[in-house]
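Below is one structure, written out as structure tokens, with a few remarks after it.
The values are calculated or read from the model by the stated rules, or taken from the named source; none is laboratory data. What you see is a predicted model; the values in this text were computed from it and never measured. Backbone-built Cβ (ideal geometry, glycine too); neighbour counts: all protein chains shown. Side chains are part of the model used for accessible areas, which takes the heavy atoms of the whole protein and leaves out ligands, DNA and RNA. Shrake-Rupley method; radii C 1.70, N 1.55, O 1.52, S 1.80 Å.
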Amino acid sequence: MMNFLRKHMRTIFVITIVGFLGGAFIGFGGYFFSSRTQADDVVEINGTNISYRQYSNTLNRVLDNMRQQKQEVNDEITKQKKQEVLQDLIQEEVFSKEAEKYGITVPDGELAADIHHYPAFQKNGNFDQNAYFQILYQMLHTTPKEFEDSRRKQIAIYKLRRMIASSVVITEPELRIEYFYKNKGNMANYQKDRQKFLEEMQQKKTMLVFSEWFKLLNQSMKIKIHLDEIEKGQGKRHA
């Protein structure tokens, strides 16, 4: 079983850490530190809490994956990964709440199909429940409910991203004008370059739409981080 876990560790890691923009680091403002109301809360986001256990398990998976990949893990890198993991968890919570606002749901059947799809949870090409439970408990140190709740959020976030991206429309006149200015009035190769130029414009315009959306979200976020307080308390207990 341990050989199986090691073999699929990278796949499992990707399943659990997948980010909203493929790893892009997107910051939300308004962070501040204050006395926490619950001993296990590492972050409060508009009244919703992220537990220290969830944060710690995620961080350990990131660091373990780096070690498995023979990457250096020192104090500086650990500090950096702590911030990245915290940011990823905040993003997941913020974006999943936005998905709820837009009425985006993930039915049980869709979630099951997503989980059954991953080779890490399969044997002989079929989903294996025993392998699934063993990986969750032994490697990810999480429960099926916690894992499935997280996957449901991530799928909803992906749908939200697709919905926002699909709202970006490039009209033919807009495309021609942009091409005209970029090529200093030379339209000779327009038809040949059209598809590639259209894709580049769509990507650029989509990122602008996301950027404006993030700014609006940023204005409404009230985020309290208690990580330093928790870790200081742990340091005193171990002293």
From the list 236, 232, 215, 159, which residue is modelled with pLDDT of 90 or more and assigned to a helix (DSSP H, G or I)? 159
Any residue in the range 125-147 that is more than 11 Å from residue 57 (Cβ to Cβ) sitting within a Cβ distance under 8 Å of a residue that is among the charged types (D, E, K, R) and open to solvent by 90 Å² or more (accessible area, probe 1.4 Å)? List the pairs, counting only those 6 or more apart or interchain. 131/123
Every residue in the range 172-182 that is open to solvent by 50 Å² or more (accessible area, probe 1.4 Å) and among the aromatic types (Phe, Trp, Tyr), please. 180, 181
Being under 17 Å from the mean Cα position of the chain (by Cα) and assigned to a helix (DSSP H, G or I) is the filter here; which residues of the range 91-109 pass it? 91, 92, 93, 94, 95, 96, 97, 98, 99, 100
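Per-residue answers, yes or no, for (1) assigned to a helix (DSSP H, G or I); (2) modelled with pLDDT of 90 or more; (3) open to solvent by less than 50 Å² (accessible area, probe 1.4 Å):
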position	(1), (2), (3)
163	yes, yes, no
170	no, yes, yes
184	no, yes, no
187	no, yes, no
202	yes, yes, no
Could you check, for the range 96-104, whether at least one of its residues is closer than 28 Å to residue 52 by Cα and crowded, with 20+ Cβ neighbours inside 10 Å? yes
Please find, within the range 117-138, the residue that is most open to solvent (accessible area, probe 1.4 Å) out of those that are part of a helix (DSSP H, G or I) and within 17 Å of residue 149 (Cβ to Cβ). 137
